[in-house]
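**Student:** Quick one: the structure is below, questions incoming.
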Amino acid sequence: MLDVRRLISYLKPMAQRDILIVPNPVLKQVSKPVEKVSDKTRALMDDMLETMYAAPGIGLAAIQVGVPLRIIVMDLSGQDEEPTPRYFINPEILEDVEELLPWEEGCLSVPDFYEEVERPGRVKIRYLNYHGEQITEWAEDLYAVCIQHEMDHLNGVLFIDHLSRLKRQRAIRKVQKTEREKALDAAE
Ligand code: K2U
Ligand code: ZN
């Protein structure tokens, strides 16, 4: 008799994972390259995408769910557009432009804090896709902002690290206060 549970686990093994929040030291780790793109890599990316959609967010780096591998998922499609998931394994920035693009950034690991950050408005990137094929392309506007934000995560850098010390400390204190209040509410 076929074990239906095993069949279901094969068909849809996706699962949401917890997103690490500042000042968790794991977020400061430098992530390691993926040596071989496998079904295990794809299962992780499926989980990351499900976690990102549930947050909700438009990008997520593996370190944000505690996995120190150079993997990013992203979906820049609008609310009323078809979902367009993108997968980036071992992404590299090959070229960028001098023109800087200011953007009010947020981060799922720094909840409810937004500040303007300036980054190059266009970057040439090279990465492996979901199937391990090499892709080289230019990213601009929100795509450029998001991929640079996520690649910072792979190097243990958060967007608040681009701010002044005062603003960074204020962000961390605000997140810690909110997390304490959430814990107290949950305990009541
Ligand atoms: O790294 C993350 O936490 C994902 C960010 C990606 C992002 C940061 C800055 C600018 C664009 C994207 C989260 O998706 S932050 C939440 C968010 C959602 C929609 C638009 C912008 C930011
Ligand atoms: Zn982030």
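**Student:** Past the 30 Å Cα-Cα mark, which pairs from Lys36/Lys174; Lys28/Lys182; Lys40/Lys124?
**Tutor:** Where the Cα-Cα span goes over 30 Å, the pairs concerned are Lys36/Lys174.
**Student:** A further question follows. Residue separation times 0.36 nm, minus the C-alpha to C-alpha distance between Glu50 and Asn155: what's the value?
**Tutor:** Value of the extension gain: 35.5 nm.
**Student:** Express the accessible area of the chain per residue in Å², computed with a 1.4 Å probe while the remaining protein chains stay in the model.
**Tutor:** Heavy-atom SASA per residue in the chain reads 60 Å².
**Student:** Keeping the other protein chains in place, figure out the carbon and sulfur percent of the accessible area of the stretch 4-187, with a 1.4 Å probe.
**Tutor:** About 52 percent, which is the carbon plus sulfur part of the accessible surface.
**Student:** For the stretch 1-136, max minus min Cα coordinate along each principal axis, in Å, sorted largest first?
**Tutor:** 63, 37, 34
**Student:** Using 0.36 nm per residue of separation minus the Cα-Cα distance, give me the extension gain between Glu104 and Gln29 in nm, one decimal. Mind dumping the intermediate values first?
**Tutor:** Numbers: separation 75, 0.36 × 75 = 27.00 nm, distance 2.45 nm.
Between Glu104 and Gln29, full extension yields an extra 24.6 nm.
**Student:** Please work out whether the stretch 56-165 counts as rounded, prolate or oblate from its C-alpha gyration tensor, where a ≥ b ≥ c are the square roots of the eigenvalues and a/c under 1.5 means rounded, while otherwise a/b larger than b/c means prolate and anything else oblate? Walk me through the numbers on the way to the answer.
**Tutor:** Working: a/c = 1.31, a/b = 1.20, b/c = 1.09.
Rounded is the answer for the stretch 56-165, as its axis ratio a/c remains below 1.5.
**Student:** Moving on to the next point. When only C-alpha pairs under 8 Å and at least 6 residues apart count, what is the relative contact order of the chain, in percent?
**Tutor:** Relative contact order of the chain: 21 percent.
**Student:** Next up: What does the charge dipole of the stretch 4-187 about its Cα centre add up to, to the nearest 20 debye, if the Cβ of each Lys and Arg holds +1 and the Cβ of each Asp and Glu holds -1?
**Tutor:** Rounded to the nearest 20 debye, it is 1100 debye.
**Student:** Quick one: Cα centre-to-centre distance for the stretch 45-83 and the stretch 23-40, in angstrom?
**Tutor:** Here the two parts' Cα centres lie 14 Å apart.
**Student:** How big is the Rg/Rh ratio for the stretch 75-136, C-alpha atoms only, Rh by Kirkwood, two decimals?
**Tutor:** Rg/Rh for the stretch 75-136 comes to 1.02.
**Student:** To continue, here is another question. Per DSSP H run of at least 4 residues, take -39500 (n - 2.57); add these up for the chain, divide by its residues and hand me the 222 nm value, nearest 500 deg cm²/dmol. Intermediate results must be reported in sequence, preceding the final value.
**Tutor:** Working: 4 runs with 61 residues, N = 188.
Rounded to the nearest 500, it is -10500 deg cm²/dmol.
**Student:** Quick check on packing: order 124-136, 175-187, 151-163 by the mean number of other C-beta atoms within 10 Å, highest mean leading.
**Tutor:** Per-residue Cβ counts within 10 Å, averaged per peptide and sorted highest first, yield 151-163, 124-136, 175-187.
**Student:** With no solvent and one point on each alpha carbon, what is the Debye value of log10 I(q)/I(0) for the stretch 118-188 at q = 0.18, 0.20, 0.21 Å⁻¹?
**Tutor:** Listed by q, the Debye log ratios stand at -0.82, -0.90, -0.94.
**Student:** Can I ask one more? So if R0 is 35 Å, what FRET efficiency would Tyr130 and Glu188 give, r being the distance between their Cβ atoms, rounded to the nearest 0.05?
**Tutor:** Once the sixth-power term is evaluated, E becomes 0.20.
The values are calculated or read from the model by the stated rules, or taken from the named source; none is laboratory data. The shown structure was predicted, so the numbers you read here are calculated from the model rather than taken from an experiment. Here Cβ is always computed from backbone atoms with ideal geometry, including for glycine, and neighbour counts include all displayed protein chains. The protein model used for the area step is the full one, side chains on, heavy atoms only, and it has no ligands, DNA or RNA in it. Shrake-Rupley method; radii C 1.70, N 1.55, O 1.52, S 1.80 Å.
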